[in-house]
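For reference, the structure is listed below as structure tokens.
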Amino acid sequence: MRKPLSALAFTILASQYAIAGETTTTAIGGGVGGALGSVVGQAIGGNTGAAIGAGVGGAAGGAMTAKDGKKTEAALGGGLGAAGGQVIGNKVGGSTGGLIGAGVGGAAGSAIGNNLAKDDDHHSDNRKANYKRKHKHKHRDD
């Protein structure tokens with residue numbers, strides 16, 4: 001039973017990468033980062049370490065996979081989601097629940113942060129370069 005289930009999970013993850021949009025990629029990065037951070041943190045510092053590791057891992061995963069103008073929001077969402085998911089999952093289902101919670105929370109937080117971010121790729125703030133007109137003498141009528 002485990003082999004078909006793990007094959008199905010791998011297929012779903014692989015198909016997400018094949019047709020992954022921007023939000024999907026960011027969600028996967030935040031989820032995987034949160035889960036890996038949770039495992040490493042649990043090994044180093046117990047429950048508190050797992051929560052901190054999930055937060056850092058979710059933030060790193062969300063930031064690495066987001067577009068340039070959305071990295072901060074994806075990192076904040078991934079970090080907060082993964083840390084919160086780790087704590088809640090740990091209370092409900094022990095260390096395995098914490099791992100699942102960190103992954104799901106990191107994925108959801110990164111995706112939400114990515115969607116809420118403004119797309120700063122265009123920089124359309126209507127500023128013009130004023131460096132040529134900076135010290136020009138203006139004609140005055142006395």
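Taken together, the values in this text are just the output of simple stated rules run on the coordinates, not laboratory data. Bear in mind the structure is a predicted one, so any value in this text is a computation, not a measurement. All Cβ positions, even for glycine, are placed from backbone atoms using ideal geometry, and neighbour counts span all protein chains on display.
Listing for the model above:
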read-out	value
Anisotropy class of segment 23-116 from Cα gyration tensor, a/c 1.5 cut	prolate
Peptides ranked, highest mean first, by Cβ atoms within 10 Å: ranges 27-40, 85-98	27-40, 85-98
Ordering of 64-74, 108-118 by burial proxy (mean other Cβ atoms within 10 Å per residue, highest first)	108-118, 64-74
